[in-house]
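K.L.:
Can you keep this structure in mind? I'll have questions shortly.
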Amino acid sequence: MSGKTRIGTSGFRVTKERYAEMFSTVEIQHTFYQPPQIKTLERWRSEVADDFEFAVKAWQLITHEAKSPTYKRLKIKLTEEETAQTGRFQPTAIVRQAWETTLDCAKALKAKTILFQCPASFKPYEENLLNLEKFFSSVERGKLNFAFEPRGASWDDKTVKDVCERFDLWHTVDPFEKPTQTPDKIYYRLHGRGGWRYKYEREELEELAAMLPADKISYVFFNNIQMTEDAGVFQEIVG
């Protein structure tokens, strides 16, 4: 199973050099808040082994409206018109530009997967579903995997499954909260049970390992306060 499972964390909690010795993949968070310069990402790519894998979190301008508190970390100044046209996969110039920037980041890191994490305010309304259709039907993806993380109780299983099947998306979930609707395309994000300060017990990580298919590539990223330690224990179990 170990050869089919890519284990890592959402961001670095140790030096990149040390991290690359421990894990085979990482989910980059910087690209969500404010993408680094391309030359910075190219340097990151050169500092790790060729088989080390980066996953890129899509820029928040694509998924989140400007009223999101995450915009406090945005370093560019948006015009009033751009502010109104951000997020929700809207067919606007600012969203298109944000996609091109995200794609450039993925190319610089030679990433295989881009994660589109949505806020809980992004609900499966007709307009939002139409925006998803327009976006995923028009963007350049090449051989990239697209991971889709809808949040909130309003996303029922059928709607999620339909969206993922139509646009070839990997349904991204915390498996301790809900089952994935793409069991052949596993992208798990472990946020901590009841909050990010949670530390997983070994028995829970063994339960998690049992959820993974033996013959498919799976991605498992820890995003809790003990992410590095928990990912290390999980890797030991899976390996």
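K.L.:
List the residues, sorted by chain then number, that are 5 or more residues from K57 or on another chain and whose placed amide H is less than 5 Å from its amide H.
P.N.:
For K57, the qualifying residues are I28, T31, F32, L115.
K.L.:
I need the calculated FRET efficiency for the pair A49 and K72, taking r as the beta carbon distance and R₀ as 30 Å, to the nearest 0.05. If you can, show how the numbers build up before the last one.
P.N.:
Details: r = 35 Å, r/R0 = 1.16.
FRET efficiency, A49 to K72: 0.30.
K.L.:
Give the order of D230, D50 when sorted by the count of other beta carbons within 10 angstrom, beginning with the fewest.
P.N.:
Values: D230 25, D50 7.
Ordered by Cβ neighbours within 10 Å, fewest first: D50, D230.
K.L.:
Taking 0.36 nm per intervening residue step and subtracting the Cα-Cα distance, what contour gain separates A153 from E229 on full extension?
P.N.:
Details: separation 76, 0.36 × 76 = 27.36 nm, distance 3.02 nm.
Separation in residues times 0.36 nm, less the Cα-Cα distance, equals 24.3 nm.
K.L.:
Which whole-number percent is the relative contact order of the chain (Cα, under 8 Å, 6+ apart)? Kindly include the intermediate steps, with their values, before the conclusion.
P.N.:
Details: 408 pairs, mean separation 52.1, N = 239.
Rounded, it is 22 percent for the chain.
K.L.:
Once you place label points 7 Å from the Cα toward the Cβ at R141 and A84, how far apart are they in nm?
P.N.:
So the label points at R141 and A84 sit 3.1 nm apart.
K.L.:
Taking the Kirkwood radius as the inverse of the mean 1/r across Cα pairs, report the Rg/Rh of the chain. Before the final figure, lay out the partial values.
P.N.:
Working: Rg = 17.3 Å, Rh = 18.3 Å.
Expressed as Rg/Rh, it is 0.95.
K.L.:
I need I7, I76 ordered by Cβ neighbour count within 10 Å, fewest first.
P.N.:
Working: I7 24, I76 8.
Least to most surrounded, the residues fall as I76, I7.
K.L.:
Right, another one. Around Y33, under 11 Å between beta carbons, what's the net of Lys plus Arg minus Asp minus Glu among the other residues? Kindly include the intermediate steps, with their values, before the conclusion.
P.N.:
Details: positive: K57, K72, R73, K75; negative: none.
Once all neighbours under 11 Å are counted, the net charge is +4.
K.L.:
Now for a separate question. If R0 is 25 Å, what FRET efficiency do you get for V14 and I38 from their C-beta distance, rounded to 0.05? Mind dumping the intermediate values first?
P.N.:
Numbers: r = 24 Å, r/R0 = 0.98.
For V14 and I38, the calculated efficiency is 0.55.
K.L.:
What's the exposure ranking of E140, E149, going from fewest to most Cβ atoms within 10 Å?
P.N.:
Working: E140 8, E149 18.
In order of increasing Cβ crowding within 10 Å: E140, E149.
K.L.:
Same structure, new question: Under a 10 Å cutoff between Cα atoms, tell me which one of T86, T25, T15 has the largest fluctuation in the Gaussian network model of the chain.
P.N.:
Fluctuation is largest for T15.
K.L.:
Also, I was wondering about something else. For the chain, with the dipole built from +1 on Lys and Arg beta-carbon atoms and -1 on Asp and Glu ones, taken about the Cα centre, which of F136, S68, C164 lies farthest toward the positive end?
P.N.:
The residue sitting farthest along the positive end of the dipole is S68.
K.L.:
How large is the helix-only mean residue ellipticity at 222 nm for the chain, computed as the sum of -39500 (n - 2.57) over DSSP H runs with n ≥ 4, divided by its residue count, in deg cm²/dmol to the nearest 500? Before the final figure, lay out each step's value.
P.N.:
Values: 10 runs with 91 residues, N = 239.
Mean residue ellipticity, 222 nm, calculated: -11000 deg cm²/dmol.
K.L.:
Figure the gain on full extension for Y125 and M22 (residue separation times 0.36 nm, minus the Cα-Cα span) and round it to one decimal in nm. Could you put the intermediate results ahead of the total?
P.N.:
Working: separation 103, 0.36 × 103 = 37.08 nm, distance 4.20 nm.
Contour length minus the Cα-Cα distance gives 32.9 nm.
K.L.:
Also, quick follow-up: Using r as the Cβ-Cβ distance of K199 and A93, and R0 as 45 Å, what FRET efficiency do you calculate, to the nearest 0.05?
P.N.:
On the way: r = 44 Å, r/R0 = 0.98.
After rounding, the FRET efficiency stands at 0.55.
K.L.:
For F222, list long-range residues whose amide hydrogen, built 1.01 Å from N in the peptide plane, is under 5 Å from its own amide hydrogen.
P.N.:
Counting only residues 5 or more places away or on other chains, the set is G8, T9, S10, L190.
Each value in this text was obtained by applying a stated rule to the coordinates, not by laboratory testing. Only a predicted model underlies this, so the values are computations on that prediction, with no experimental measurement involved. Positions of Cβ are generated from backbone atoms using ideal geometry, with glycine treated the same way; all protein chains shown enter the neighbour counts.
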